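The values are calculated or read from the model by the stated rules, or taken from the named source; none is laboratory data. Model, not experiment: these values are computed from the prediction. Cβ placement follows ideal geometry from the backbone for every residue including glycine, while neighbour counts extend to all protein chains displayed.
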Amino acid sequence: MLQSWRCLQNPRKCQTGTATVRGMKSDPFEIEISRQIWSSRYCYLRAGQPVDQSVEDSWQRVAQALADQEESDQAGWRQRYYSILSDFRFLPGGRILAGAGTGYDVTLFNCFVMGRIDDSMEGICDSLKEGTLTMQQGGGVGYDFSTLRPAGSLARRVGSMASGPVSFMRVWDSMCATLVSSAYRRGAMMATLRCDHPDIEQFIDAKRDPRELRNFNLSVLVSDDFMQAVQDDLPWPLVFPERAFGDPPRSEGREVIQRRWSGSMDAVPCVVIRKVGARQLWQRIMRATYDMAEPGVLFVDRINQQNNLHYRENISATNPCGEIPLPPYGACNLGSVNLTRLVQSPFTPAARLDFDALESTVRIALRMLDHVIDLSRFPLDLQAEQARGTRRVGLGITGLADTLIMLGLHYADERARELAASAMRLIRDSAYRESVTLAQAKGAFPFYDRDAFAASGFVRGLPPDIRQGILDHGIRNSHLTAIAPAGTISLFANNVSSGIEPVFALQSQRRVRGADGEYHLHAASDYAWRLWQQSHPDEALPGYFVTAPALKPSQHLEMQSALQPYVDSAISKTINVPADYDFDAFKDIYQQAYRLGLKGCTSFRPNEVTGSILTAGDAQSMTEMETGCCNLERESG
């Protein structure tokens, strides 16, 4: 792909995609809501007045801040960085767009997983403080509450009974509800709990009360052993580490089994508190998810088996949207390639995705995200240590559904999945090759262990030349790919479809909070639909203009499954389910997700607790998932 390297060296000669087809516009914003997103979220303000006079100023600010991290040819790299930002081709995470080059004391990382919560009042209060400081700087947080002893067990030091993890989650929820992390963004939180924790049933049903835990997303950590017990209809032990029962432990007469508990690299003795039917517990998870859209499910063993840093991490939590499973104090450094900008000759027989331009964009974008690690501030020293030790990044895609439409492909067509998989494979391989190149110049990430890294499940699946390059030179970043929801940045980029989600509606209304603090209603037409209207104003829409409600849940899963082999972190994807969907069929969605090798599954079915996601053209039903964590103000994009 010689053309890709020419693009790296001289980006002005490589303007590709729809910008070439239609000509670069003097005003990059096609719809007012995109301009509003920029002015309210990404425009640099000082003393309430805009320093960025245009979005081009914002792009130049970010490009310059990242190019300043280069050791040579800073002017050339600034131009390369600007070239992929300026036509919305590369969309770095929202914190990068908002904070890079401003000099403000903010993190450029969107989300964090916080440290292990120690099972003591001091430990709980310390963890709450760390979460508060992190959200105050604009970061979302994820926690595994499994380390807190179950409700009703003895708190030995004070002689009282423990209230359990769900009760302490309410403390975090209250903190999040009152803390505004920036003028237009409230904090987002993820809470996980193991499927074998004695309080798992209370956790599963926590959101049946519509007032409970509204600032949390909830996910159950589901093990392979549990899924096997569900299949075999076996009793399932609910356990807690024996050390919680005293030193020496006062667990005489109770069954003790070995489990690799949260916060531990090795298996520890755990006391069996009681047993439940595995199928009954699974049914309870499914019923809650059917009724309330939560909790989601994380297949935690698969996450750890495929983790590039399996030799030093036991992951048990994710960021709020789930695309980045992280160790304690780990952080998300995200960016998305906007595939719509790489489509040539859309809606014609010659329509194609420019894979050469995709490769060059990925290589430049990967270098940008690597610089973010050094440029960013961190709320906590332990977060800085973890980010700089692993140099994790999460490079993904957005605009996939619109891209498929522009290429004349139906989202559920096998050819669409093949095209998407080919694009994601190229992104994986290009990112890994560039990271090896960076390691040659700057060194491998500090936590790199040559043989252990090469033995990870994901790395073993890389092409031979990349594996050999890692063995010979190391690699700059421990993880490189993730697919985020990217809702806000996709709306900023003239409302391209979000992440790998189908187009939800061709025309809709969206509420956005402006600089005055008030919500304003905006029309939000889909990017590919507008492009079709411009070029085919009198023609009916072809059948490949499909929207999410018209797709079967299995078709959502098939697309997610097609891309997962090329993603070393995870994929944020919501399976849309009609309100009248049969419950037994609904349960099979999650079984299918497990069979397909996914790392987790989240669905949304309209319900009385959360309402419905935005409905095309209906301002009254534009809830924007206001009661959830991943609305326009909170999601990781």
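Quick notes on this structure:
- Hey, residue 339 surrounded by fewer than 24 Cβ atoms within 10 Å (Cβ to Cβ), touching a residue at least 12 places away in the same chain (Cβ under 8 Å) and of a type in the set (A, V, I, L, M, F, W, C) or not: no
- The residues of the stretch 137-165 that are in a helix (DSSP H, G or I) and either touching a strand residue (DSSP E or B) at 6+ places or on another chain (Cβ under 6 Å) or among the β-branched types (Val, Ile, Thr) (or both), listed by number, are 145, 146, 147.
- Looking at the stretch 349-411, the helices (runs of 4 or more DSSP H) lying wholly inside it that each contain 3 or more residues that are under 28 Å from residue 77 (Cα atoms) sit at 355-375, 381-390.
- Put simply, of 152, 159, 123 the only residue that is of a type outside the set (Lys, Arg), over 21 Å from residue 220 (Cβ atoms) and at pLDDT below 90 is 159.
- Residues located in the stretch 84-97, provided they are touching a helix residue (DSSP H, G or I) at 6+ places or on another chain (Cβ under 8 Å), outside any strand (DSSP E or B) and surrounded by 23 or more Cβ atoms within 10 Å (Cβ to Cβ): 84, 85, 88, 89, 93, 94, 96, 97
- Boolean, residue 444 is within 20 Å of residue 373 (Cα to Cα) and either of a type in the set (Phe, Trp, Tyr) or surrounded by fewer than 24 Cβ atoms within 10 Å (Cβ to Cβ) (or both): yes
- Candidate set from the stretch 499-542 (those that are aromatic (Phe, Trp, Tyr), closer than 25 Å to residue 335 by Cα and out of contact with any Phe, Trp or Tyr (no Cβ under 8 Å at 6 or more places or on another chain)); member that is surrounded by the most Cβ atoms within 10 Å (Cβ to Cβ): 527
- For the stretch 499-550, filtering for residues that are under 24 Å from residue 575 (Cβ atoms), among the hydroxyl-bearing types (Ser, Thr, Tyr) and assigned to a helix (DSSP H, G or I) leaves 1.
- Filter pass, residue 409 being at pLDDT 95 or above and either surrounded by fewer than 21 Cβ atoms within 10 Å (Cβ to Cβ) or on the phi > 0 side of the Ramachandran plot (or both): no
- For the residues 126, 87, the requirement of being acidic (Asp, Glu) and either in contact with a Ser or Thr (Cβ under 6 Å, 6 or more places away or on another chain) or under 25 Å from residue 172 (Cβ atoms) (or both) singles out 126.
- Matching residues, the stretch 98-114, being assigned to a loop (DSSP other than H, G, I, E, B) and of a type outside the set (Phe, Trp, Tyr): 100, 101, 102, 103, 105, 106, 108, 110, 114
Matching residues to (1) in contact (Cβ under 8 Å) with a residue 24 or more places away in the chain; (2) small (Gly, Ala, Ser); (3) surrounded by fewer than 19 Cβ atoms within 10 Å (Cβ to Cβ); (4) assigned to a loop (DSSP other than H, G, I, E, B):
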{"position": "472", "(1), (2), (3), (4)": "no, no, yes, no"}
{"position": "475", "(1), (2), (3), (4)": "yes, no, no, yes"}
{"position": "488", "(1), (2), (3), (4)": "yes, no, no, no"}
{"position": "491", "(1), (2), (3), (4)": "yes, no, no, no"}
{"position": "497", "(1), (2), (3), (4)": "yes, yes, no, yes"}
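- Residues of the stretch 552-570 satisfying the condition of being crowded, with 18+ Cβ neighbours inside 10 Å, part of a loop (DSSP other than H, G, I, E, B) and of a type outside the set (Gly, Ala, Ser): 567, 568
- Filtering 331, 317, 244, 278 for residues that are buried (at least 16 other Cβ atoms within 10 Å of the Cβ), more than 17 Å from the chain's Cα centre (by Cα) and touching a residue at least 60 places away in the same chain (Cβ under 8 Å) leaves a single hit, 244.
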